[in-house]
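Take this structure first; my questions come after.
The values are calculated or read from the model by the stated rules, or taken from the named source; none is laboratory data. It should be emphasised that the depicted structure is a prediction, and the values quoted were computed from it without experimental measurement. Quick reminder, even Gly has a Cβ in these numbers, built from the backbone with ideal geometry, and neighbours come from all protein chains shown.
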Amino acid sequence: MLCSFLAVVLNLSLASDVNAQGGVRTGYDAVGFVNSPAAVVIDEKSTPTLDKMDRIDFVTVSTVGASRNPMTKEEIDEKISAYGRFDGPEGMPFDEYREAMENVWANVTDYAHKAEKVDVDMTKAYRYSELVGIMKSLSRYDGVSLYEIGRSTEGRTMYALEIDVPSSAKKKTVVLTGSIHARETAGTTYLLKELSDLLSANTAESRSVLSRIRFAVVPCCNPDGREGVAFDTRAYTTSDGQLWKATTNGTDLNRNFPGLVWSQVASGNKKSASVAKSPRGANYPGDHAGSCAETRALMKFLYYYIAVEKAPVLVDYHQQGRLSYAGKPYSTTRQQNVSKDMADKMVAVLNRGNRHNYASLSESADYGLNGTGSTLTDYACSIAFGAKHSTSYGFCVYVDGTTEYPLCAIRRADESPVAQQELVPGFRSITIEIGYGRQYLGYSYETRRLLADEYSSRHFDRLLYELAKYSDGVR
Ligand SMILES: [Zn+2]
């Protein structure tokens, strides 16, 4: 199964090289990314990425299909009995999984206008529509594509930017995500400012970064929640004065992904009391894994760039705590160690010349196992070490060819039968918790001012450069 999947991807990589030479977008000039009107050949509908996605059967490659020897309910119960019991909601149903993986992206890159520098003013209160306007402006740079990747629960379009200047199948891909938690508004504006400044810098260093690294970015993972907290603040403040993390239907998107923990929940067990039983401002994992449209859109985005494009690096922007959490204790030791290494290096950049330092922490050994629901990075790490959707269980499993193993039956990827066949060996993921204290949450003028100051004093303007330098050494 794994071998045939690799063969498919290998073929596609070769096809992609041909594609890049054949030229859907061949407007790169000598410096690599400035629009050159001569010899620009543009197909307004497709891109190498969309062509490639078109040829992949995402459902088949990401689902345990051949094996029909699942563990029995009793066997699972025995494996997970150490965690206690919980009659919780279900795992992700196959029809919703298929919907997520069959979702077709639309290319909405702005080919019509010449790129101009976009100033992202972090003290300004941007509506989501204005942030989308910034994304569209950034897509005017040659080599930048803007994709519609799905719709939010309230019907807002969700977007991914791909920065591939100039396009090359040999580049390393760095995945960046922001603002999955409603009150954590900084991720979106930080990412847009970092990208805008990188694309417009036109220095030897910026050109070098762009020539070596492909960035795949969802600046705003929770558009409804962000808009609610930012512009309907009172409605999304709990009775004890906390701004919402959840999206506006009361589901915490960063607990809604299928993965290790959902496997436990679906199997009827829960350890932590921190999981909410009903929709509210935080920590409600949803009716079932992947129940939110946003989660499903993000699942395909992550699957494509991590499992297919083999992105070795993911950074997820959160607030607050001046922390970077690294890796997953239940993933492979290698994933865990390289993630901690990346967190240490990035934190060193943020701390340069500062007091009240950012700290680098491994995620606690309990976190992935305590029944709170799987996060974006849980899902990303799971697919990187080869977990797949199971129609038997409705959540990610390992398979050794004959037997399907739910993640909860393994506890650590190292102990899995497929640990030696990681899909993306050396994959590393960190979250960065921007700022420190409740005053850094939300979108008031005071918060925006603090976040703008944090951006410059903590060298976030350097982060993409440092990530690129770091990713060069990743194997
Ligand atoms: Zn968060």
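Taking the condition of being within 14 Å of the ligand (Cβ to nearest atom) and either of a type in the set (S, T, N, Q) or part of a strand (DSSP E or B) (or both), how many residues in segment 277-294 meet it?
Count: 1.
In segment 344-361, which residue that is touching a helix residue (DSSP H, G or I) at 6+ places or on another chain (Cβ under 6 Å) and not polar (S, T, N, Q) is nearest to residue 322 (Cα to Cα)? Don't jump to the end; show me each part of the working.
Taking segment 344-361 and keeping what is touching a helix residue (DSSP H, G or I) at 6+ places or on another chain (Cβ under 6 Å), we get 345, 349, 357-358, 360.
Checking the rest, the ones that are also not polar (S, T, N, Q) come to 345, 349, 358.
Details: 345: 14, 349: 13, 358: 4 Å.
Among residues in segment 344-361 that are touching a helix residue (DSSP H, G or I) at 6+ places or on another chain (Cβ under 6 Å) and not polar (S, T, N, Q), the one nearest to residue 322 (Cα to Cα) is 358.
Okay, residues lined up against (1) assigned to a loop (DSSP other than H, G, I, E, B); (2) without any contact (Cβ under 8 Å) to a residue 24 or more places away in the chain; (3) within 16 Å of the ligand (Cβ to nearest atom); (4) under 20 Å from residue 467 (Cβ atoms):
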site	(1), (2), (3), (4)
176	no, no, yes, yes
190	no, no, yes, yes
216	no, no, no, yes
229	no, no, yes, no
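Moving to a separate point now. If residue 39 satisfies every condition in (1) exposed (fewer than 15 other Cβ atoms within 10 Å of the Cβ); (2) at pLDDT below 90; (3) not in a loop (DSSP other than H, G, I, E, B) but one, which is the exception?
In the conditions (1) exposed (fewer than 15 other Cβ atoms within 10 Å of the Cβ); (2) at pLDDT below 90; (3) not in a loop (DSSP other than H, G, I, E, B), residue 39 misses (3) alone.
Follow-up question, since we're still on this one. Could you list all residues from segment 150-167 that are buried (at least 21 other Cβ atoms within 10 Å of the Cβ) and not hydroxyl-bearing (Ser, Thr, Tyr)?
Here is the first cut: in segment 150-167, the residues buried (at least 21 other Cβ atoms within 10 Å of the Cβ) are 150, 152, 158-165, 167.
Hits for segment 150-167 are 150, 158, 160, 161, 162, 163, 164, 165.
Tally up the residues in segment 295-344 that are away from the ligand (no atom under 16 Å from the Cβ) and closer than 24 Å to residue 244 by Cα, please.
3
Another one. Of all residues in segment 237-260, how many are within 15 Å of the ligand (Cβ to nearest atom) and either assigned to a loop (DSSP other than H, G, I, E, B) or more than 20 Å from residue 313 (Cα to Cα) (or both)? Before the answer, list the steps.
Of the residues in segment 237-260, the ones within 15 Å of the ligand (Cβ to nearest atom) are 242-247, 251-257.
Next cut, either assigned to a loop (DSSP other than H, G, I, E, B) or more than 20 Å from residue 313 (Cα to Cα) (or both) only: 242-247, 251-253, 255-256.
Residues in segment 237-260 being within 15 Å of the ligand (Cβ to nearest atom) and either assigned to a loop (DSSP other than H, G, I, E, B) or more than 20 Å from residue 313 (Cα to Cα) (or both): 11 in total.
Can you tell me which residue within segment 108-135, out of those that are outside any loop (DSSP other than H, G, I, E, B) and in contact with a Leu (Cβ under 6 Å, 6 or more places away or on another chain), is nearest to residue 52 (Cα to Cα)? Explain how you work it out, then say what you get.
Start the filter on segment 108-135 by keeping residues that are outside any loop (DSSP other than H, G, I, E, B), which leaves 128-135.
Cutting the leftovers down to in contact with a Leu (Cβ under 6 Å, 6 or more places away or on another chain) gives us 134-135.
Values: 134: 26, 135: 23 Å.
Restricting to residues being outside any loop (DSSP other than H, G, I, E, B) and in contact with a Leu (Cβ under 6 Å, 6 or more places away or on another chain), the top hit is 135.
Given the conditions (1) more than 25 Å from residue 474 (Cβ to Cβ); (2) β-branched (Val, Ile, Thr); (3) without any contact (Cβ under 8 Å) to a residue 60 or more places away in the chain, which single one is not true for residue 163?
Here residue 163 meets the rest and fails (1).
So residue 201 passes all but one of these: (1) closer than 23 Å to residue 155 by Cα; (2) without any contact (Cβ under 8 Å) to a residue 24 or more places away in the chain. Which condition number does it fail?
(1)
Please work out which one of (1) at pLDDT below 95; (2) in contact with a Gly (Cβ under 6 Å, 6 or more places away or on another chain) is the condition residue 188 fails and give its number.
In the conditions (1) at pLDDT below 95; (2) in contact with a Gly (Cβ under 6 Å, 6 or more places away or on another chain), residue 188 misses (1) alone.
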